[in-house]
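Engineer: This is the structure, below, for whatever I ask next.
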Amino acid sequence: MGDGAMEKPFPRGKRLEGAGIRVRIDGLVKRFGGREVLRGLNLEIPPGEFVSIVGRSGCGKSTLLRLLAGLEDISSGTVDFDGSPPKNGYREDARIMFQDSRLLPWRTIVENTAIGLAGKKENVRACALDVLKQVGLADRADDWPGRLSGGQRQRVALARALIHRPRLLLLDEPLGALDALTRLEMQRLIENIWKRYEFTAVLVTHDVAEAVILGDRIVLIEDGLITFDEKVALPRPREYGQSEVAAIGRRALDRIMSVNSLNVRNQVKGKIVDIQLGQPLSEVVIEAAGGFIAATVSSRSLSEQPLELETEVLAFFKSNEVILAVNSGSE
Amino acid sequence: MSIVSVRDLTQRFKENIQPWIVPMAILVFWQASSRLGWLSSRILPEPLAVVKAGINLALSGELFRHIWISSLRASGGFFAGGGLGLLLGLLTGSFRRMEIVLDTSLQMIRNIPPLALIPLAILWFGIDETAKIFLISLGVFFVIYINTFHGIRSVDPALLEMGKSYGLKGWALYREIILPGALSSILVGVRYAFGFMWVILIVAETISAQEGIGYMTMNAREFLQTDVVLLGIILYAILGKLADMLARALERHWLKWNAACETT
């Protein structure tokens with residue numbers, strides 16, 4: 001709390017030289033109970049780089065971010081910031097922005113922004129107002145968070161992170177709950193602020209296009225490992241419609257959707273014998289050597305990628321979703 | 001525009017008046033039946049007699065002395081019991097070890113109705129003020145304790161995680177997140193405690209007292225002064241209502257952020 005670094009006033013529009021942290025992740029493993037969520041992940045992020053991490057839900061991307069923020073303990077492996085491991089995983093110049101804004105409902109906007117900032121009352125308020133101005137919310141400083149829209153709340157959350165002058169900003173799907181227009185606005189805002197302060201940024205998102213628009217680099221995590229890592233050398237600002245953006249996004253998506261990207265275990269070959277259409281879910285029945293397998297798929301993805309009867313397919317499932325019972329009825 | 005606002009005014013007038021129609025009708029009917037001799041004043045005195053008794057007692061100053069004494073007892077018991085309940089609730093809510101050591105015992109004692117302890121309280125403390133304040137404290141204590149404990153336990157863990165990752169710890173974390181998060185639950189406890197406080201006070205005062213509203217009514221009963229008995233009952237009602245209004249005012253003051261949420 002009483003750290004000297006926090007008492008320094010927020011640099012008003014001043015550019016910080018070499019502000020970003022160099023992050024080095026070596027053989028990072030995270031286990032929850034017996035389940036390995038991250039399985040020896042390696043990643044190096046040069047200072048000031050904006051890395052977008054994409055992946056299916058449950059692939060471990062949010063866990064990686066929480067480990068970087070020090071919210072979870074590392075099972076094994078190392079995380080280095082500027083060549084030295086952070087104390088207890090917590091580092092005061094790294095700040096995380098959550099998917100839900102997590103503003104304190106009983107504190108005003110300006111008080112929320114100044115959370116964790118020590119110093120004289122007037123100085124703290126001046127700092128907070130200054131950052132609020134940068135996210136365009138100075139006029140709402142004395143309102144309660146309950147009066148703000150989702151996008152405005154996330155802007156306050158961004159201001160709250162920025163006030164600590166983070167050298168590493170961790171973004172855990174901060175735009176996931178926003179409507180499309182607000183999302184575009186926030187992407188622009190985050191990009192501009194990142195350009196201005198040159199911190200290292202790690203964005204976790206499930207929107208591949210967003211990842212390409214914001215990232216210097218796209219990293220795909222699958223089943224606890226990095227399986228795709230590509231630089232995005234396009235000029236900024238990038239637009240959703242741009243063909244290069246779409247092309248890179250396509251490559252990442254293809255990789256996510258391809259068969260070999262999924263767990264290589266638990267694959268069963270079979271033939272489609274029945275398709276029961278329904279809304280919003282449809283059922284596809286596959287005849288495999290050992291019997292029938294029913295797959296519930298969303299009707300939307302079925303209409304995007306139609307399947308036909310008699311088609312040869314691979315069915316696969318997560319190992320932790322297999323239920324075993326002793327077959328007492330067999331001879 | 002003006003027509004609308006006139007209609008609006010009459011609408012508001014109706015809304016404010018309508019709840020009072022039934023009570024007023026009952027009062028009028030009651031007064032009339034007393035006057036016409038349908039209702040004996042031994043059973044129920046006429047409303048005007050109650051008002052007169054109130055004025056007489058107020059003029060002699062006796063009324064205010066009784067109210068003062070009763071209020072002192074109530075607030076003394078409330079602060080002693082409520083303060084202790086708040087303190088222990090904060091301790092058991094915040095520290096797992098304190099919960100393990102204390103909570104089971106407190107939960108066991110909680111199941112004893114405070115009024116069942118009247119004989120014991122008289123044996124321990126005599127029929128003095130101490131016994132009354134002890135009983136009130138006991139009743140208030142558990143209501144506040146339980147609500148404080150649950151309030152602290154139900155603070156949003158996501159907010160706590162945010163606070164910690166933004167460098168809050170120790171007292172700062174407590175002041176910024178845990179206490180405000182628990183406050184609405186604590187205030188619910190305060191409101192319940194206020195209600196319970198009067199119930200115990202009434203019983204304690206009717207058992208044995210030389211002063212106070214309870215003594216006033218019991219004394220009046222001896223002399224068949226039904227108007228004074230009724231006056232005492234009405235006083236309890238008014239004091240209870242005042243305490244409730246105080247609790248609501250506290251809620252409005254401390255939870256004003258909550259009202260801001262509701263209006264949007």
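Engineer: Please tell me if B:L187 is outside any helix (DSSP H, G or I), within 14 Å of chain A (Cβ to nearest Cβ) and aliphatic (A, V, I, L, M). Full working, then the answer.
Structural biologist: On the way: outside any helix (DSSP H, G or I): no; within 14 Å of chain A (Cβ to nearest Cβ): yes; aliphatic (A, V, I, L, M): yes.
It is false that B:L187 is outside any helix (DSSP H, G or I), within 14 Å of chain A (Cβ to nearest Cβ) and aliphatic (A, V, I, L, M).
Engineer: Out of B:G240, B:G163, report the one residue that is in a helix (DSSP H, G or I), under 23 Å from A:L148 (Cβ atoms), in contact (Cβ under 8 Å) with a residue 12 or more places away in the chain and touching a helix residue (DSSP H, G or I) at 6+ places or on another chain (Cβ under 6 Å). Full working, then the answer.
Structural biologist: Numbers: B:G240 fails: under 23 Å from A:L148 (Cβ atoms).
Residue meeting the stated conditions: B:G163.
Engineer: Could you grab me the full set of residues in region B:221-237 that are part of a loop (DSSP other than H, G, I, E, B) and surrounded by 17 or more Cβ atoms within 10 Å (Cβ to Cβ)?
Structural biologist: B:Q225
Engineer: Then there is this: Please work out if B:S94 is assigned by TED's automatic domain parsing to the domain that holds B:W171, small (G, A, S) and within 22 Å of the chain's Cα centre (by Cα).
Structural biologist: no
Engineer: Within region B:81-89, identify whether any single residue is in contact with a strand residue (DSSP E or B) (Cβ under 7 Å, 6 or more places away or on another chain), within 30 Å of A:A118 (Cβ to Cβ) and surrounded by 14 or more Cβ atoms within 10 Å (Cβ to Cβ), and answer yes or no.
Structural biologist: So far as region B:81-89 goes, no, none of its residues is in contact with a strand residue (DSSP E or B) (Cβ under 7 Å, 6 or more places away or on another chain), within 30 Å of A:A118 (Cβ to Cβ) and surrounded by 14 or more Cβ atoms within 10 Å (Cβ to Cβ).
Engineer: Do we have B:N16 as within 28 Å of the chain's Cα centre (by Cα), in the same structural domain as B:I234 (by TED's automatic domain parsing) and modelled with pLDDT of 80 or more here?
Structural biologist: Criteria not met by B:N16.
Engineer: Which one is surrounded by the fewest Cβ atoms within 10 Å (Cβ to Cβ), of the residues in region A:40-66 that are at negative phi and either more than 18 Å from the chain's Cα centre (by Cα) or not assigned by TED's automatic domain parsing to the domain that holds A:L225 (or both)?
Structural biologist: Looking at the filtered set, the residue picked out is A:P46.
Engineer: Within region A:18-57, which residues are in contact (Cβ under 8 Å) with a residue 12 or more places away in the chain, in a loop (DSSP other than H, G, I, E, B) and farther than 17 Å from A:D216 by Cβ?
Structural biologist: A:G55, A:R56, A:S57, listed by residue number.
Engineer: Scan region B:27-46 and tell me whether some residue there is touching a Phe, Trp or Tyr at 6+ places or on another chain (Cβ under 8 Å) and modelled with pLDDT of 85 or more.
Structural biologist: yes
Engineer: Something else now. Determine, yes or no, whether B:R97 is within 14 Å of chain A (Cβ to nearest Cβ), out of contact with any helix residue (DSSP H, G or I) (no Cβ under 9 Å at 6 or more places or on another chain) and either in a helix (DSSP H, G or I) or small (G, A, S) (or both).
Structural biologist: Numbers: within 14 Å of chain A (Cβ to nearest Cβ): no; out of contact with any helix residue (DSSP H, G or I) (no Cβ under 9 Å at 6 or more places or on another chain): yes; either in a helix (DSSP H, G or I) or small (G, A, S) (or both): yes.
Taking the combined requirement at face value, the residue does not satisfy it.
This table checks each residue for (1) at pLDDT 90 or above; (2) under 18 Å from B:A116 (Cα atoms).
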{"site": "B:L159", "(1), (2)": "yes, no"}
{"site": "B:S184", "(1), (2)": "yes, no"}
{"site": "B:G189", "(1), (2)": "yes, no"}
{"site": "B:I202", "(1), (2)": "no, yes"}
{"site": "B:A209", "(1), (2)": "no, no"}
{"site": "B:E222", "(1), (2)": "no, no"}
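Engineer: What are the pairs with Cβ atoms under 7 angstrom where one residue, in region A:107-126, is within 13 Å of chain B (Cβ to nearest Cβ) and the other, located anywhere, is among the β-branched types (V, I, T) and part of a loop (DSSP other than H, G, I, E, B)? Sequence gap at least six, or different chains.
Structural biologist: A:T113/A:I163; A:A114/A:I163; A:L117/A:I163
Yes/no matrix, rows are residues, columns are (1) under 17 Å from the mean Cα position of the chain (by Cα); (2) at pLDDT 90 or above:
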{"residue": "A:K121", "(1), (2)": "no, no"}
{"residue": "A:A159", "(1), (2)": "no, yes"}
{"residue": "A:L169", "(1), (2)": "yes, yes"}
{"residue": "A:A177", "(1), (2)": "yes, no"}
{"residue": "A:E191", "(1), (2)": "yes, yes"}
{"residue": "A:V202", "(1), (2)": "yes, yes"}
{"residue": "A:T205", "(1), (2)": "yes, yes"}
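Engineer: So how many residues does region A:264-293 have that are over 25 Å from A:E222 (Cβ atoms) and assigned to a strand (DSSP E or B)?
Structural biologist: Going through region A:264-293 one residue at a time, the tally reaches 12.
Engineer: Checking B:L250 against (1) farther than 19 Å from B:G77 by Cβ; (2) part of a helix (DSSP H, G or I): exactly one of these is not met. Which one?
Structural biologist: Condition not satisfied by B:L250: (1).
Engineer: Within region B:126-160, restricting attention to residues that are assigned to a helix (DSSP H, G or I) and within 14 Å of chain A (Cβ to nearest Cβ), which residue is farthest from A:V156 (Cα to Cα)? Explain how you work it out, then say what you get.
Structural biologist: Within region B:126-160, the first condition is being assigned to a helix (DSSP H, G or I), and the residues that meet it are B:129-153, B:157-160.
Filter once more, so that each one left must be within 14 Å of chain A (Cβ to nearest Cβ): B:151, B:157-160.
Numbers: B:G151: 27, B:P157: 20, B:A158: 17, B:L159: 15, B:L160: 18 Å.
Among those that are assigned to a helix (DSSP H, G or I) and within 14 Å of chain A (Cβ to nearest Cβ), it is B:G151.
Engineer: While we're on this one: Kindly provide the set of residues from region A:25-39 that are hydrophobic (A, V, I, L, M, F, W, C) and either exposed (fewer than 15 other Cβ atoms within 10 Å of the Cβ) or touching a Pro at 6+ places or on another chain (Cβ under 6 Å) (or both), ordered by number.
Structural biologist: Across region A:25-39, the qualifying residue is only A:F32.
Engineer: Quick one: in region A:67-90, which of the residues that are part of a loop (DSSP other than H, G, I, E, B) and at the interface with another protein chain (Cβ under 10 Å from one of its Cβ atoms) is surrounded by the most Cβ atoms within 10 Å (Cβ to Cβ)? Don't jump to the end; show me each part of the working.
Structural biologist: Let us first name the residues in region A:67-90 that are part of a loop (DSSP other than H, G, I, E, B), namely A:70-75, A:82-83, A:85-86, A:90.
Now restrict to residues that are at the interface with another protein chain (Cβ under 10 Å from one of its Cβ atoms): A:70-71, A:90.
Details: A:G70: 21, A:L71: 19, A:Y90: 13.
Filtering first and then ranking leaves A:G70.
Engineer: If you don't mind, another one. Name, by its number, the condition in (1) in contact with a Lys or Arg (Cβ under 8 Å, 6 or more places away or on another chain); (2) at pLDDT 80 or above; (3) among the aromatic types (F, W, Y) that does not hold for A:F32.
Structural biologist: Single failed check for A:F32: (1).
Engineer: If we keep just the residues of region A:127-146 that are at negative phi and surrounded by fewer than 16 Cβ atoms within 10 Å (Cβ to Cβ), which is nearest to the other protein chains (Cβ to nearest Cβ)?
Structural biologist: Among them, the one singled out is A:D142.
Engineer: Is it the case that region B:87-104 has a residue that's within 30 Å of A:R91 (Cβ to Cβ) and of a type in the set (F, W, Y)?
Structural biologist: Taking every residue of region B:87-104 in turn, at least one turns out to be within 30 Å of A:R91 (Cβ to Cβ) and of a type in the set (F, W, Y).
Engineer: When both residues are 6+ apart or on different chains and their Cβ atoms are under 8 Å apart, which pairs have a first residue that lies in region B:167-179 and is more than 9 Å from chain A (Cβ to nearest Cβ) and surrounded by 17 or more Cβ atoms within 10 Å (Cβ to Cβ), and a second that is of a type outside the set (K, R) and outside any helix (DSSP H, G or I)?
Structural biologist: As it stands, the answer is B:I178/B:V155, since those pairs meet every condition given.
The values are calculated or read from the model by the stated rules, or taken from the named source; none is laboratory data. None of these values were measured; they are calculated from a predicted model. When we count neighbours, we look across all protein chains shown, and the Cβ atoms used for this are built from the backbone with ideal geometry, even at glycine.
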